[in-house]
Structures are given as C-alpha cells and as structure tokens.
Amino acid sequence: MPEPHPAPLIEVRDLVRRYGQGRLGGHRLTAVNGVSFSVMPAETLGLVGESGSGKSTTGRMLLGLEPLDEGEVFFNGTRISGLSPRAMKPWRRQMQVIFQDPYGALNPRQRVGDFVAEPLRVHKLAPSRSERADRVAALFRQVGLDPAFMHRYPHEFSGGQRQRICIARALALKPAFIVADEPITALDVSIQAQIVNLFQDLSETMGLAYLFISHDLAMIRYLCHRVAVMLRGRIVELAPVETLFDDPRHPYTQSLLRAIPNPDPDHRPPAHPRFDVDAHIPERDMEMVEVSPGHFVLRH
Ligand SMILES: Nc1ncnc2c1ncn2[C@@H]1O[C@H](COP(=O)(O)OP(=O)(O)OP(=O)(O)O)[C@@H](O)[C@H]1O
Ligand SMILES: [Mg+2]
C-alpha cells in the first residue's frame with residue numbers, strides 16, 4: 001500500500017493582524033497580511049525576515065496569544081482559532097513557546113524547579129509533590145541540566161542554562177509543537193550552537209515540530225527543513241531549505257542571502273541595489289506561484 005500523504009500538524013490560513021485604531025486619521029498598520037503555511041509533524045519551519053516584518057506576531061497568533069483579525073489556525077486538522085480560552089486549553093498544552101530572553105521569562109524569586117513544575121501543577125498532571133519532583137528531574141536531564149540544580153534560583157545560572165530551564169518547562173506538558181522566537185539571539189555565540197543542537201535532539205527524540213524564528217540565516221540553514229521569508233507582514237518566499245539557499249527567487253530573499261558574509265576572499269557581492277520594498281510589493285495581485293515542487297514565491 002502506498003504511504004498515506006502526511007497531514008500537517010499546524011496549518012495557518014490567511015492570517016491578518018492590524019494595529020492602530022484607524023480613527024482620528026491614525027495610521028493603521030497591517031503587521032501580518034495574509035500569511036498561510038503549514039508545519040508537518042517533526043518538521044522545523046524557519047521564519048526569517050527583517051525586524052518588524054511580523055514574525056513574532058505570526059507566532060503569537062498561531063498560539064492564540066494574539067487575536068486574529070482574519071484567518072484560521074488548525075491543529076491536527078481541527079480548527080482552533082476562535083475557540084474560548086477554556087476550549088483552547090487542551091490544545092494549548094500541545095503548543096508551547098520559547099522566547100529570546102530566558103531571564104525575562106523566569107521569576108527571580110522562584111526556584112527553577114518550581115518554575116519547570118508549574119505547568120504540571122496547573123494541568124494537574126503530577127498531583128503529588130514527589131511525582132512532580134521526579135518529573136522535573138527527568139526534564140532537567142532531558143535538557144542537559146543537573147537535577148540537583150532544581151532548588152536554585154535563576155541568578156545562579158548562565159544564559160544558556162536559563163534557556164535550558166525555559167526549554168524544560170516548555171517540554172513539561174509533552175507538546176507536539178514549539179514556537180521558538182529568537183531563542184538563541186540573546187546567548188553567547190559559544191552557547192548558541194549547544195542550544196541549537198538541543199533543539200535538534202529534541203526534534204529527533206520526541207518528534208517535536210518547531211516554528212523557529214531567527215535572524216541568523218546560518219542557524220536557519222543548519223536547523224530547518226523548510227524556510228519562510230517574511231517582508232512587511234507577508235510571506236514572500238517559502239521553500240525547502242536547500243532550495244531557498246541555492247535558488248532564491250524573490251528579490252528580497254536574494255538580498256537577504258547576499259548579506260551573509262562569504263568566507264571566500266575572491267567573492268565580490270554582486271552590485272545590485274538593495275531591494276526596494278515599496279516598489280515591488282503592490283497591495284493587489286498577491287499571489288504565491290509554485291516555481292518548483294514546494295517552492296513558492298510571491299509574484300513580484
Ligand atoms: N501590540 C502592538 N501594537 C502596535 N503595533 C504592534 C504591536 N505588536 C507589534 N506591532 C507592530 O507590528 C509589526 C510587526 O511586529 P513583530 O513584533 O511581529 O515583528 P518581528 O518580525 O517579530 O520583528 P523583530 O525581528 O524585531 O522581533 C511591527 O511594525 C510592530 O511595531
Ligand atoms: Mg519578533
């Protein structure tokens with residue numbers, strides 16, 4: 001029998017988010033403008049684009065942390081957008097988020113073990129104190145931390161260890177999907193690779209899927225299966241990672257890739273002018289064209 005066509009774990013369709021009142025002649029900003037993509041089980045989808053392009057807003061909308069002005073979100077084929085917070089709760093368990101600043105996420109007066117245990121307590125998954133301690137110890141080991149550290153406070157840890165603590169908490173409810181929003185940007189360069197490797201190990205051992213938001217194209221290339229490029233609230237290109245790096249089609253993607261330092265001393269960056277966003281993205285005729293299997297480019 002042929003393999004059944006795999007179904008997406010996450011699917012978003014035509015997400016739109018507008019900010020500003022629009023009254024009193026105020027400017028109305030469309031932060032996310034018709035964004036659609038899917039994430040397969042155990043897949044890492046990268047989301048890149050300049051600051052303010054709508055990456056974090058997209059991630060928050062997907063998780064139900066930000067209202068949708070338009071569009072839909074599906075988890076395993078079930079529409080989860082528009083659900084009440086109560087109806088959303090069982091779905092939220094399966095979708096977690098990791099932010100850029102692990103110190104900001106931690107409570108300086110809370111022992112890190114209690115921080116990791118909190119979701120277990122809230123969702124009544126390990127009712128007794130000793131069960132929770134066992135589970136927290138297992139989570140600490142899973143992210144490469146000594147369980148003996150669970151009684152310590154956040155200030156006693158390095159940045160990389162704090163991010164591991166946040167990852168342990170995100171894993172507590174055994175999610176299927178994680179939005180990682182610039183999760184390594186705030187870390188020392190020497191630590192970044194370790195945390196990226198941890199993400200990769202977790203994907204392989206737990207079958208976790210990620211939306212991995214990053215400015216770092218080298219990390220994206222290393223970690224992601226597919227990449228979506230965002231510009232001014234829109235996805236302008238989406239492709240398997242090697243296709244995107246070998247054959248970028250949208251002028252904005254091309255300009256992003258040209259900006260990567262090339263280690264070859266004979267390499268001269270081509271003398272193209274920087275892509276002019278306004279000139280190339282008209283409001284209408286916003287169509288994604290599939291130029292090769294799985295490689296979509298916004299008509300430009
Ligand atoms: N709560 C808000 N109120 C008003 N405008 C907002 C709000 N949140 C985001 N924006 C605006 O929406 C746009 C997209 O923001 P978003 O944070 O999603 O961008 P980003 O791609 O994540 O940027 P960065 O790479 O800097 O994190 C920006 O212009 C931002 O100023
Ligand atoms: Mg952001």
(request) Give ILE195, ILE167 a once-over and let me know the one that is closer than 27 Å to PRO90 by Cβ and away from ligand 1 (no atom under 16 Å from the Cβ). (result) ILE167
(message) Could you check segment 98-114 and list, in sequence order, the residues that are assigned to a helix (DSSP H, G or I), closer than 24 Å to ILE213 by Cα and touching a residue at least 40 places away in the same chain (Cβ under 8 Å)?
(response) PRO102, TYR103, ALA105
(message) When you scan segment 90-104, do you find a residue that is of a type in the set (Val, Ile, Thr) and farther than 29 Å from LEU223 by Cβ, even just one?
(response) no
(message) Among (1) within 16 Å of ligand 2 (Cβ to nearest atom); (2) surrounded by fewer than 16 Cβ atoms within 10 Å (Cβ to Cβ); (3) more than 27 Å from PRO119 (Cβ to Cβ), there is one condition ALA31 misses while meeting the rest; what is its number?
(response) (2)
(message) Every residue in segment 159-199 that is surrounded by fewer than 18 Cβ atoms within 10 Å (Cβ to Cβ) and either among the hydroxyl-bearing types (Ser, Thr, Tyr) or more than 22 Å from ARG60 (Cα to Cα) (or both), please.
(response) GLY159, THR185, ASP188, VAL189, SER190, ILE191, ALA193, GLN194, ASN197
(message) MET61 - would you say it is of a type in the set (A, V, I, L, M, F, W, C), at pLDDT 95 or above and under 15 Å from the mean Cα position of the chain (by Cα)?
(response) yes
(message) Looking at segment 211-251 only, could you name the residues that are within 16 Å of ligand 1 (Cβ to nearest atom) and not hydrophobic (A, V, I, L, M, F, W, C)?
(response) SER214, HIS215, ASP216, ARG232, GLY233, ARG234, GLU237
(message) Quick check on ALA209: is it in contact (Cβ under 8 Å) with a residue 12 or more places away in the chain, of a type in the set (Gly, Ala, Ser) and surrounded by fewer than 18 Cβ atoms within 10 Å (Cβ to Cβ)?
(response) no
(message) If I filter segment 165-191 down to residues being closer than 23 Å to VAL48 by Cα and in a helix (DSSP H, G or I), which single residue comes out as farthest from ligand 2 (Cβ to nearest atom)?
(response) SER190
(request) Select from segment 46-55 the residues that are within 9 Å of ligand 2 (Cβ to nearest atom) and under 14 Å from ALA228 (Cβ atoms) and list them in ascending order. (result) SER53, GLY54, LYS55
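Being at negative phi and part of a strand (DSSP E or B) is the filter here; which residues of segment 65-97 pass it?
If the condition is that a residue be at negative phi and part of a strand (DSSP E or B), then GLU70, GLU72, VAL73, PHE74, PHE75, THR78, ARG79, MET95, GLN96, VAL97 are the ones that fit.
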(message) Can you say whether MET61 is hydrophobic (A, V, I, L, M, F, W, C), buried (at least 18 other Cβ atoms within 10 Å of the Cβ) and within 16 Å of ligand 1 (Cβ to nearest atom), as far as the supplied structure shows?
(response) yes
(request) For VAL241, state whether it is crowded, with 23+ Cβ neighbours inside 10 Å and of a type in the set (Val, Ile, Thr). (result) no
(request) Mind listing just one residue for me: the one in segment 34-58 that is assigned to a strand (DSSP E or B) and of a type outside the set (A, V, I, L, M, F, W, C) and, of those, nearest to ligand 1 (Cβ to nearest atom)? (result) GLY49
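The values are calculated or read from the model by the stated rules, or taken from the named source; none is laboratory data. Keep in mind that what you see is a predicted model, and the values were worked out from it rather than measured. Every residue, glycine as well, gets a Cβ built from its backbone with ideal geometry; the counts of neighbours run over all protein chains shown.
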